[in-house]
Amino acid sequence: MAQNKITKRVVDAIEKAARDQFIWDDELRGFGLKVTPAGKKVYIVQYRTGGRGSPTRRYTIGAHDPWTPAKAREEAERILTKVRQGVDPNEEKAERNRLAVDLAFDAYADRFLKGYVKHEWAASYAFAEGILRLHVKPVLKAKPLPSIKRSDVTTVFDRLPAGKVALRRNVFAVIHRLLRWAVGRGDLERSPLEGMETPPTAKDRDRVLSDAELRLAWVAAGALGYPFGPLYHLLILTGQRREEVAGLNWKELHRATAQWKLPGERAKNGEPHMIHLPAAAIAALDKIAASDKWPRRGLVFTTTGETAVSGHSRGKARLDTQMLKDAKEEAKRAGENPDKVELEPWRVHDLRRTVATGMQRLGVRFEVVEAALNHKSGISRTGVAKVYQRHSWEPEKRAAWDAWAAHVDAVLTGKDNSNVVSLAAARA
């Protein structure tokens, strides 16, 4: 082991040998150069963290070129200063690598989805995955979790579309759960969201489709074909949530009893739910199965055979286009100016509100409507009722769905002869 002041001249002059060579700097104790049999030259630091008698350890600074002797010496001085302060540079480096790999936000977000959301928040998996993929990962990227500051989270919100109140609240909810999970696992000391106000609740929507709009939506859905056509028909007939219908599995359906047993892990509120299938819903499912013999398993709405149908925004855009086209044709047949026809914007979730409102208009009790829609936050499921009300309302729910299906049928068949449509068969 030669000793010399490590300079560029010394480094350039040393030649490779049959085994590793070490040159130790005669001015900065512990600073050295390792030369491999292949001729690679690497700057190193040798140190002890426990005083005399403790084992020596080596820390690799880096290879000669890009490192220069002068820069390597500065780095060695910094490292040896930390050693004197009781810090082990190798352990510090390992922690940096762990932060860069294990706690990089994008990778940690995937771990959160698999380790928490998939099991503890299963009904919202697609929701949480979409929020992280579209709005959070593009901003935080691979930033180590412990390095994320309040300002970083603020940047996520600053990049959200203006006026999207509900989206801001949803993004906050997902980030909050992820960081709370990280704190619980010991991967994070404190959440950067501590002290940050929760975004305000979005103003409740009150959009309900009129009977005329409902008829247009049904007929236009039939023109879309599989998978979106029958999907929209089931949304109209059952009033269930979009993701619950889109993820429908044949094993949840029972044709003989006309029932759909939604498992708790797929329900938004985590509670299992029994949905009655009116005759029109049975007819729509028969058409998908191409028989009155339904498959025992597999997704009802899928284009891949492996995952539930996606691309809902495109499906809704196609529905809107078809509805407007049909409305213009009706206006033209009625002798009106089709260019003046406009449709008020609406969202898929408005169908759920339309069903609820329609059932109540038909005289269905509020408690039954809540039960039919598996909605547990209403008056009928809180307070004393939450503790003592254990009636399932199954007979009343069945009657409610049948009454609603009859109403939809009347809406479709109540037009003039040029627009007569049968609920069970109209473009089903």
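Among the residues of region 125-143, the one identified as touching a Leu at 6+ places or on another chain (Cβ under 8 Å) and either among the basic types (Lys, Arg) or at pLDDT below 90 (or both) is 125.
Say whether the condition of being charged (D, E, K, R), surrounded by fewer than 17 Cβ atoms within 10 Å (Cβ to Cβ) and closer than 20 Å to residue 126 by Cα is met by at least one residue in region 257-267. Yes, region 257-267 contains at least one residue that is charged (D, E, K, R), surrounded by fewer than 17 Cβ atoms within 10 Å (Cβ to Cβ) and closer than 20 Å to residue 126 by Cα.
A single member of 424, 385, 356, 399 is part of a helix (DSSP H, G or I), aliphatic (A, V, I, L, M), within 36 Å of the chain's Cα centre (by Cα) and modelled with pLDDT under 95, and it is 385.
Please go through region 154-188 and give me each residue that is of a type in the set (Asp, Glu) and either modelled with pLDDT under 90 or in contact with a Phe, Trp or Tyr (Cβ under 9 Å, 6 or more places away or on another chain) (or both), ordered by number. The answer is 187, and nothing else. Collect the residues in region 166-217 that are within 20 Å of residue 116 (Cα to Cα), of a type in the set (A, V, I, L, M) and assigned to a loop (DSSP other than H, G, I, E, B), keeping them in residue-number order. Of everything in region 166-217, those that are within 20 Å of residue 116 (Cα to Cα), of a type in the set (A, V, I, L, M) and assigned to a loop (DSSP other than H, G, I, E, B) turn out to be 188, 193. Considering only region 112-142, state which residues are over 22 Å from residue 166 (Cβ atoms) and surrounded by fewer than 18 Cβ atoms within 10 Å (Cβ to Cβ). Selection gives 114, 115, 118, 119, 120, 141, 142. Scanning region 319-335 for residues that are within 26 Å of residue 127 (Cβ to Cβ) and buried (at least 18 other Cβ atoms within 10 Å of the Cβ) gives a single hit, 319.
Listed by position, the helices (runs of 4 or more DSSP H) inside region 228-340 whose residues that are without any contact (Cβ under 8 Å) to a residue 40 or more places away in the chain and within 23 Å of residue 354 (Cα to Cα) number at least 3 are 312-333. In region 88-96, the condition of being under 12 Å from the mean Cα position of the chain (by Cα) and among the polar types (S, T, N, Q) is met by no residue.
Among the listed residues 275, 288, which satisfies the condition of being buried (at least 16 other Cβ atoms within 10 Å of the Cβ), of a type in the set (A, V, I, L, M, F, W, C) and in contact with a Ser or Thr (Cβ under 6 Å, 6 or more places away or on another chain)? Answer to the check: 275. Flag: residue 163 does not match the condition of being part of a loop (DSSP other than H, G, I, E, B) and more than 30 Å from residue 247 (Cα to Cα). The set of residues in region 138-154 that are in a helix (DSSP H, G or I) and under 7 Å from residue 105 (Cβ atoms) comprises 140, 145. The condition of being closer than 27 Å to residue 13 by Cα and assigned by TED's automatic domain parsing to the domain that holds residue 6 holds for only one of 48, 73, 52, that being 73.
The values are calculated or read from the model by the stated rules, or taken from the named source; none is laboratory data. Because the structure is predicted, anything quoted here is derived from the model rather than measured. Here the Cβ is made from the backbone with ideal geometry for all residues, glycine too, and neighbour counts use every protein chain on show.
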